[in-house]
1. Can we say A:Ala210 is of a type in the set (A, V, I, L, M, F, W, C), at pLDDT below 95, buried (at least 19 other Cβ atoms within 10 Å of the Cβ) and within 30 Å of B:Asp157 (Cα to Cα)?
2. Which condition number in (1) in a loop (DSSP other than H, G, I, E, B); (2) within 14 Å of chain A (Cβ to nearest Cβ); (3) modelled with pLDDT under 95 is the one that B:Glu116 fails?
3. Find the residue count for segment B:202-226, including only residues that are among the small types (Gly, Ala, Ser) and within 7 Å of another protein chain (Cβ to nearest Cβ).
4. Those residues that are under 22 Å from B:Gly50 (Cβ atoms) and either open to solvent by less than 20 Å² (accessible area, probe 1.4 Å) or touching a helix residue (DSSP H, G or I) at 6+ places or on another chain (Cβ under 8 Å) (or both), I need them from segment B:227-244; list them, please.
5. Among the candidates A:Ala157, A:Ala171, which residue alone is in contact (Cβ under 8 Å) with a residue 12 or more places away in the chain and in contact with a strand residue (DSSP E or B) (Cβ under 9 Å, 6 or more places away or on another chain)?
6. Please specify each residue of segment B:22-62 satisfying the condition of being part of a helix (DSSP H, G or I) and small (Gly, Ala, Ser).
7. Is at least one residue of segment B:119-136 of a type outside the set (D, E, K, R), within 14 Å of chain A (Cβ to nearest Cβ), open to solvent by 10 Å² or more (accessible area, probe 1.4 Å) and not in a helix (DSSP H, G or I)?
Amino acid sequence: MTLDALEQQIEIANPQHPHCATVLALDTSGSMHGDKIRQVNEGLTAFREDVLTDELARKRVEAAVVTFGSHVDLAHPFSSMEAFAPPAFRADGSTPMGDAILKSIDAIRARKAMYRQSGTDYYRPWIFLITDGEPTDMHPGDKLWDQVVAEVHGGEAAREFCFFGVGVDPANMDILRRICPPERPPVQLRPGRFRAMFEWLSRSQRHISASRVGERLALPPATGPDGWAEITTG
Amino acid sequence: MTSTERLAPPTLGASVAGASHERRGTPCQDAFALERPDGALVIAVADGLGSAPRSELGAAAAVGAAVDAAIDHLDREPERAALEGLVAAREALERVGRCGRIADVACTLMVVVASERVGIAHIGDGAVIGSRDGRFAVLSPPGVSEYVNEVDSLAADDWFDHVRCAVGLDGIDGVAAFTDGLHHATLRKDAGHLTAHDGFFGPLFSFLCDAPDDAEEQLMRLLAGPKISEHSDDDKTLVLALLP
């Protein structure tokens, strides 16, 4: 038998790529108005373009967008990067972060259920939350707060997803720190470094979608002299 | 069947570097070893983890140590001999990793021993399948992990908790062992149930039974070829053997 004949004869059992899902939970409240929301919109476009340059990642990375401002909205359902075309977001309204986090977790769970049903392999999904304020729909100790914190901390601990919180000045970092999982405290965006943050996000997704790990995955550095993030302590 | 074939049933194995490894200039981190001592068959296949900087050294050391130790224990049940192979491979990793850290040489490992029956010891992903009368079944599946990039390793502190042993059914006439770069080509998931894909293994075992002189080279070219590489840029190893 010749090689060509052999290659023709074999059938590939499961001809699909594993998927790598991220929900971007974006603060679109009134305080994001102006330069910040413009940079978020530009960052999303750059994120898409950067992932598309990677032959493997473009077949594996999927993203969805949940916005929270005048209301909580699954503004873009999960899609491949080729089909990823979120509208230009406008900033207005308050900061219903609690509901947005729950909606993001729901989106992750539904996506995983779909992967399992179709026999698609997948990587651990990410929730990447960006805010410049503090939640207006929940406060420490109320019912929604307790539910959100339990879901985020529990989901991270059970390795259901990775939750990343990014505060944009003047975000309430103390509140954000209490929401974020203790094993992954929030970082603060350096002024105007939205573009670098989205580049880091796409680089990380490209890295993950080609990874295989025994213990921990090392992500590209976000902090440091050329980074976009600062770690705040408090 | 000629008398030579009766003495030594055909075997075939190849490892190829994935496209991502070639791009990054990293070597192929898979390794395999195959021996046919006294009418038995011993196969070891290891996949060095991409997250471990020198995992190609770990994979090579693991398969060598595993095959040697399994052969030393061929007087035991085959699954026991396979387990001894796996334990020896762990010790080999400890030696290789001593100067750095053992995590730097982390790899998965499958050890297959066929004597009076087929016995397997396995940690991590990759899989072993068996053939019987032209049908194929999974003998040892990939270790369970929810996420596709997370895998148990022979270098982990709790490695022994993740070792799985399996025994083949009666009447198995051939086995194949392969690394995770070939999961997509070889395994089907039907409603969560994992099966070996006849459409992949059928032609390959026919090829093995009637293998040309350059069969190994052809297998390498097949593994590196577009049909298999389209959905995986990882290293790929496939070992096929008819049983004595």
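The values are calculated or read from the model by the stated rules, or taken from the named source; none is laboratory data. Just so you know, these numbers come straight off a predicted model, no measurement behind them. All Cβ positions, glycine included, derive from the backbone under ideal geometry; neighbour counts span all protein chains shown. Side chains included, ligands, DNA and RNA excluded: accessible areas come from the protein's heavy atoms. Shrake-Rupley method; radii C 1.70, N 1.55, O 1.52, S 1.80 Å.
1. When the stated conditions are applied, A:Ala210 passes them.
2. In the conditions (1) in a loop (DSSP other than H, G, I, E, B); (2) within 14 Å of chain A (Cβ to nearest Cβ); (3) modelled with pLDDT under 95, B:Glu116 misses (2) alone.
3. Step one: list which residues in segment B:202-226 are among the small types (Gly, Ala, Ser), which gives B:202, B:206, B:211, B:215, B:224-225.
Those still in the list that are within 7 Å of another protein chain (Cβ to nearest Cβ) too: B:225.
Final tally of qualifying residues: 1.
4. Correct list: B:Ile228, B:Ser229, B:His231, B:Ser232, B:Asp233, B:Asp234, B:Asp235, B:Lys236, B:Thr237, B:Leu238, B:Val239.
5. The match here is A:Ala171.
6. B:Ser55, B:Gly58, B:Ala59, B:Ala60, B:Ala61, B:Ala62, listed by residue number.
7. Applying the first criterion (of a type outside the set (D, E, K, R)) to segment B:119-136 yields B:119-124, B:126-131, B:134, B:136.
Now drop any that are not within 14 Å of chain A (Cβ to nearest Cβ), which leaves B:123-124, B:126-127, B:129, B:136.
Imposing the further condition that a residue be open to solvent by 10 Å² or more (accessible area, probe 1.4 Å) reduces the set to B:136.
Subset that is not in a helix (DSSP H, G or I): B:136.
Yes; the residues of segment B:119-136 include at least one that is of a type outside the set (D, E, K, R), within 14 Å of chain A (Cβ to nearest Cβ), open to solvent by 10 Å² or more (accessible area, probe 1.4 Å) and not in a helix (DSSP H, G or I).
Residue-by-condition table, conditions (1) at positive phi; (2) within 14 Å of chain B (Cβ to nearest Cβ); (3) of a type in the set (D, E, K, R); (4) out of contact with any Ser or Thr (no Cβ under 6 Å at 6 or more places or on another chain):
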residue: A:Tyr122; (1), (2), (3), (4): no, yes, no, yes
residue: A:Met138; (1), (2), (3), (4): no, no, no, yes
residue: A:Trp145; (1), (2), (3), (4): no, no, no, yes
residue: A:His153; (1), (2), (3), (4): no, no, no, yes
residue: A:Gly167; (1), (2), (3), (4): no, no, no, yes
residue: A:Asn172; (1), (2), (3), (4): no, no, no, yes
residue: A:Leu189; (1), (2), (3), (4): no, no, no, yes
residue: A:Phe194; (1), (2), (3), (4): no, no, no, yes
residue: A:Arg203; (1), (2), (3), (4): no, no, yes, yes
